[in-house]
Amino acid sequence: LSHAVMVECANSAEAYDTALKVVKNALCTASEDMPCEKCGNCLKIINNSHTDVKTVSPQGNTKSIKIDDIRFIREDAYIISNEGSYKFYIIADADCLTVQAQNALIKILEEPPKKVIFIILCKSSLSLLETIRSRSQIFGNNGEVINKVDTKRKNLAESIMRASLKNDKCAVIEFVASV
């Protein structure tokens, strides 16, 4: 996957479920039928206790994601993963990022740490700064690539997303290895 994946979906719960499915596919330790929903990683993700999977969502009375939330991600992202080969940061309802928080997010998207993937969930990518959109691979809720990239990258991203949505971890690994 790209270091930053944006999923546009009108239904926040559906978008979050899609993000968790991608994360479980990537971190599941089962040899078949992934995600297995039974291995330690899957169970921790389901229970929201996996140390390598962090979610940021709107908080407080203003229902916004503030700069301090993104500063936490920027600091934490440089700490090596504990249990998996990758760290995932899910930014739910990213439409609620303040302008200051979006500017802070740009900094880490420009020079992301290795083995860190940001999954940005929003109702409309147009609610985010162009600099965030340009550093993300944008998908619709049906897995369709929305932003324009070169054909080879677009086809690869579509294949990876389809394989992830079908729970085909082997295909995802094959596509990533081909890069």
- So in the stretch 49-117, what percent of DSSP beta bridges are antiparallel if you round to the nearest 5? 10 percent
- Item | Nonlocal amide H pairs with residue 116, under 5 Å, H built at 1.01 Å | 87
- Query: What accessible area per residue comes out for the stretch 1-54, rounded to a whole number of Å², with a 1.4 Å probe?
  - Reply: 46 Å²
- From highest to lowest solvent-accessible area (probe 1.4 Å; ligands, DNA and RNA excluded), 33, 52, 68 read 33, 68, 52
- Cβ-based charge dipole, the stretch 1-138, positive-most Cα from 42, 137, 65: 65
- Message: Can you tell me what share of the DSSP beta bridges in the stretch 1-120 is antiparallel? A percent to the nearest 5 is fine.
- Response: 5 percent
- Estimated distance in nm for a label pair at residue 21 and residue 129, the labels positioned 7 Å out from Cα along Cα-to-Cβ: 3.2 nm
- Query: Across the stretch 83-95, in residue order, what do the Karplus-derived ³J(HN,Hα) couplings come to in whole Hz, using 6.51 cos²θ - 1.76 cosθ + 1.60 with θ = phi - 60° and x for Gly and Pro?
  - Reply: 10, x, 7, 9, 10, 10, 10, 9, 9, 7, 6, 4, 4
- Note on the structure: Between residue 64 and residues 5 or more places away or on another chain, the pairs with built amide H atoms under 5 Å apart involve 59
- Task: Search the structure for amide H atoms under 5 Å from the amide H of residue 55, placed 1.01 Å from N in the peptide plane, and list their residues when 5 or more places away or on another chain.
- Result: 90
- Spacing of the two label points (7 Å from each Cα toward its C-beta) at residue 167 and residue 55, in nm: 1.9 nm
- What do you reckon, how do 16, 89, 78 stack up by accessible area (1.4 Å probe), largest on top? 78, 16, 89
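The values are calculated or read from the model by the stated rules, or taken from the named source; none is laboratory data. All figures in this text were calculated on a predicted structure; none of them were measured in a lab. Neighbour counts are summed over all protein chains in view; Cβ atoms, including those assigned to glycine, are modelled from backbone coordinates with ideal geometry. Side chains included, ligands, DNA and RNA excluded: accessible areas come from the protein's heavy atoms. Shrake-Rupley method; radii C 1.70, N 1.55, O 1.52, S 1.80 Å.
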